[in-house]
Each structure stands twice: as structure tokens, then as C-alpha cells.
1. Under the rule of at least 5 residues apart or a separate chain, name every residue whose amide H is placed under 5 Å from the amide H of residue 32.
2. Would you please put 24-31, 3-10 in order of how densely packed they are, using the mean number of other Cβ atoms within 10 angstrom per residue and starting with the highest?
3. Enter the angle in degrees (range 0 to 90, nearest 10) between the Cα long axis of helix 34-44 and the first principal axis of the Cα atoms of the chain, meaning the one along which they spread out most.
4. Summing Lys, Arg as +1 and Asp, Glu as -1, what charge do residues with Cβ under 15 Å from the Cβ of residue 18 carry, residue 18 excluded?
5. List, in order, the whole-Hz ³J(HN,Hα) value for each residue of segment 199-207 obtained from phi through the Karplus relation with A = 6.51, B = -1.76, C = 1.60 and θ = phi - 60°; use x for Gly and Pro.
6. Mind telling me which of 101, 71, 129 comes out most flexible in a GNM of the chain, alpha-carbon contacts under 10 Å?
7. Report, please, the projected area of segment 123-184 averaged over directions, based on the convex hull of its C-alpha atoms, in nm².
8. What whole-number distance in Å separates the alpha-carbon centres of segment 41-78 and segment 85-164?
Amino acid sequence: MIALVTGANRGIGREVCRQLAAAGHTVVLTARSLQPATAAAAELGPDVHPLVLDVTSEESVARAAEAVAERFGRLDALVNNAAITYDTWQRAENADLDVVREAAETNLYGPWRMVQAFLPLLRAGGHARVVNVSSEAASLTGMGGGTPAYTTTKVALNALTRMLAAELRADGILVNAVCPGWVATDMGGAGGRPVADGAAGVVWAATLPDNGPTGGFFRDGRPLPW
């Protein structure tokens, strides 16, 4: 299996790469700059390949798709992990909408851009998986106030997940959203669950069998309420 993970030089993305490689898969580890991508890939072993990728740039995404096409000819799993702006300092009533727009470029348009650019490679494999790393903060069922940029963009990502799952079902492409839980990372902060535990649910969705679910929202392989 050929898998690509965005925002993968640290945190959950890096651990997803580690677990996929440990399971025998070939992994493309992406980061916005070459040095962090190269350093992380070197630590994870010969089956992990670094690639520069900025999900907010159409040109960067197009170059990455060309690079994967030239080297591998297909993509079996796309993990849209890159995310920004856990804006705990904001409230919706007076949020800076420029911050919200900036968050959307990475958290929503980034994954959308990635699927569009990599769709020919995903179709080439015949049974690809797309995993959108989301958050239970995006669940409308229990939603309250706070973190408006992060939360609204993850809600939109969940909606995109549902639409893509319906549209790509006939291609054998399974599309799911996964909440890794509150994980102890640079974004999540101290006190969260181990990174390996959060990443395991993402890896589960990236390696689903052909009769696996699609259009779902999961944590640890179990459904979450929308």
C-alpha cells in the first residue's frame, strides 16, 4: 500500500506514518518545508519518503501529485491530517473572521484540494481510502461555544467527508472522518492521551477492508455522533 500523510513531520501525522511503515506499507511523509520532512522520514526508516507539500497552495499540491504519480503511479491511502488554529482565545460572537478564513484554507480547503488533485491516483489503485482527521469538537450533537475557527472548519470537513463518500463509493474509495481524541501534541497540549493511541484510529481507517464503512465519523474505530 502507498499512503500519503499531510502535516506529518510531528505529532499525530508523524505517528501515523510510523505505524503505517511498521505494518509494511510505503509512506509519503509530507511537510511544508524539506528539512523537517527529511529529518522525520529519516528517523522512521527506508519505507518513509519525504515530500514538500503545502496544502494551502494549489501549485504545491499539484507538484506533489506529479511527484507521487512519477514515483509510484497510484495512491492507496490519503490521510488529510494537516490542521491549524485551535483558537481557544476566541468566541463566535466576536471572532476575528480573518483567523477563521485562514483556518479554513488548511482545515477545509486543504483536504478538498488534496482529494481533487490526487483523485486520479486514488482511482488508479482501485480500492483507495481517504481519512479526514477531524475532531469531536465538530459534533453538532454536543456542541457549545468556543474555538470557532477550528470547530466550524472541522464541521465543514465532516460535511465534505459525507459528500465525497457518496460520490466516490462507486470507485471503491472509502472516505471517513476520524477524531483521534485529545492527544498530547503541540496543538493538543499536555495531559492528553498518548499520540500512538490517537494515531491508531487514523491508521484503522486508512487500512479498512473493501467492505469497510464509508461516510462515517469515528474514534478508535467506533462511531461518533454527527
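1. Excluding prolines and chain starts, which carry no amide H, the hits are 53.
2. 3-10, 24-31
3. Helix 34-44 sits at roughly 70 degrees to that axis.
4. Counting the neighbours of residue 18, the net charge comes to -2.
5. Each residue of segment 199-207 in turn: 5, 4, x, 5, 4, 4, 5, 6, 10 Hz.
6. 71
7. Projected over every direction and averaged, the Cα hull of segment 123-184 covers 5.1 nm².
8. 21 Å
Every number here is computed from the coordinates shown, using simple stated rules; none is lab data. Predicted model only: the values in this text are computed from it and were never measured. Heads up, the Cβs are rebuilt from the backbone with ideal geometry, glycines too, and the neighbour counts pull from every protein chain shown.
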